[in-house]
Amino acid sequence: MEIDIFDEIQKMRQEGRKAALATIVQIRGSVPSFQSAKMLIRDDGSTLGSVGGGCVEAEVWTAAQDVMRDEKSKIMTFDLTDESMAESGLICGGKVEIFVEPILPTPKMLIFGAGHISTQVSKIATIAGFRTTVVDNRPVYANADRFPEAEAIHSESFEKAFEEIVPDENTYVIIVTRGHQEDQNVLRWAVQTNARYIGMIGSKRKIRSIAEQLESEGISRERLERLYMPIGLDIGAVLPEEIAVAIVAEVIHVRRVGFKHPLSKKLFQTTHT
């Protein structure tokens, strides 16, 4: 049975896998394909569909590896009248432009703590396209009534959640638990995972205390410098809803632009001033 490219994209995103989609966006003259033809290049190197075959697809495949790695689109132009193209058997006399775009897995957000800020973070993150998971050891707070949009809710001990959850480079960890010790325990676990983003709420005094404790336990400065503490962009947020906007905005910035941001107060910039 023929596999639909868009069904395959949806399947791969749900599985947390990357891909690149190549689409012919412009044709001039005679080419061995048609406008809007597509080819999906999966993260394991396999492909689905076609944009013309030959050295065109070979070059598109190679470009797709960069597109997946950098998570940035690119336009490719091929002149099929060129001698090198003729040598590959593509004697068509036309030109073709191909747009190669990254297909990224649906981002996941782990929210540790189920208080008033967490309820707003979960709502806003879901609207922004994140699959949210809420973790809190208080079932009265961590439940579907308070987090109807959450994909999963863990209401057992944090330690049990640590055993069951495996963050990857597509995971964003938000730490907003009810107390200093819980925050520290979650942070100790989080910095030893492959999570793409780890942020924790708290005052400078709290941050300094936790940072010093984790360093004394042997957590490297390199790992600690991945952290965003205090969490969220500095937009003067006061209300829970505003704080949630600041948190999700920072996560989106890290996802779309990159790790560093001038408004992000990284751990050692905050604790060693």
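The values are calculated or read from the model by the stated rules, or taken from the named source; none is laboratory data. The shown structure was predicted, so the numbers you read here are calculated from the model rather than taken from an experiment. No Cβ is skipped: glycine too gets one built from the backbone with ideal geometry, and neighbour counts run over all protein chains shown.
Close Cβ contacts (under 7 Å, 6 or more residues apart or on different chains) running from residues in the range 1-29 that are closer than 22 Å to Ala195 by Cα and hydroxyl-bearing (Ser, Thr, Tyr) to residues that are modelled with pLDDT of 90 or more and not in a helix (DSSP H, G or I) are absent.
Any residue in the range 13-23 that is part of a strand (DSSP E or B), at pLDDT below 95 and within 18 Å of Glu101 (Cβ to Cβ)?
Within the range 13-23, the subset part of a strand (DSSP E or B) is 19-23.
Of the ones still in play, those that are also at pLDDT below 95 are none.
Within the range 13-23 (the criterion being part of a strand (DSSP E or B), at pLDDT below 95 and within 18 Å of Glu101 (Cβ to Cβ)), the answer is no, since none of the residues qualifies.
Consider the range 120-141. How many of its residues are β-branched (Val, Ile, Thr), assigned to a helix (DSSP H, G or I) and out of contact with any helix residue (DSSP H, G or I) (no Cβ under 8 Å at 6 or more places or on another chain)?
Looking only at the range 120-141, we keep the residues that are β-branched (Val, Ile, Thr), and these are 121, 124, 126-127, 132-135, 140.
From what's left, assigned to a helix (DSSP H, G or I): 121, 124, 126-127.
Okay, now just the ones that are also out of contact with any helix residue (DSSP H, G or I) (no Cβ under 8 Å at 6 or more places or on another chain), so 126-127.
Looking only at that region, the number is 2.
Scan the range 51-69 residue by residue and report those that are among the hydroxyl-bearing types (Ser, Thr, Tyr) and either in contact with a Gly (Cβ under 7 Å, 6 or more places away or on another chain) or closer than 13 Å to Phe99 by Cα (or both). Those that are among the hydroxyl-bearing types (Ser, Thr, Tyr) and either in contact with a Gly (Cβ under 7 Å, 6 or more places away or on another chain) or closer than 13 Å to Phe99 by Cα (or both): none in the range 51-69. Residues of the range 196-208 that are outside any strand (DSSP E or B) and modelled with pLDDT of 85 or more: Arg196, Ile201.
Which of the following residues is in contact (Cβ under 8 Å) with a residue 24 or more places away in the chain, farther than 18 Å from Thr126 by Cβ and surrounded by fewer than 21 Cβ atoms within 10 Å (Cβ to Cβ): Thr193, Thr177?
Thr193
Once the range 230-273 is narrowed to residues that are closer than 15 Å to Arg196 by Cα, surrounded by 13 or more Cβ atoms within 10 Å (Cβ to Cβ) and of a type in the set (Lys, Arg), the residue that is modelled with the highest pLDDT is Arg255. Quick check: anything in the range 97-111 at pLDDT 95 or above, of a type in the set (Ser, Thr, Tyr) and not in a strand (DSSP E or B)? No.
Within the range 117-138, being at negative phi and not hydrophobic (A, V, I, L, M, F, W, C) holds for Ser118, Thr119, Gln120, Ser122, Lys123, Thr126, Arg131, Thr132, Thr133, Asp136, Asn137, Arg138.
Name every residue in the range 101-123 that is within 27 Å of Met12 (Cβ to Cβ) and surrounded by 20 or more Cβ atoms within 10 Å (Cβ to Cβ), in order of residue number.
Of all residues in the range 101-123, those within 27 Å of Met12 (Cβ to Cβ) come to 101-111, 121-123.
Listed by number, the residues that qualify are Ile103, Pro107, Lys108, Met109, Leu110, Ile111, Val121, Ser122.
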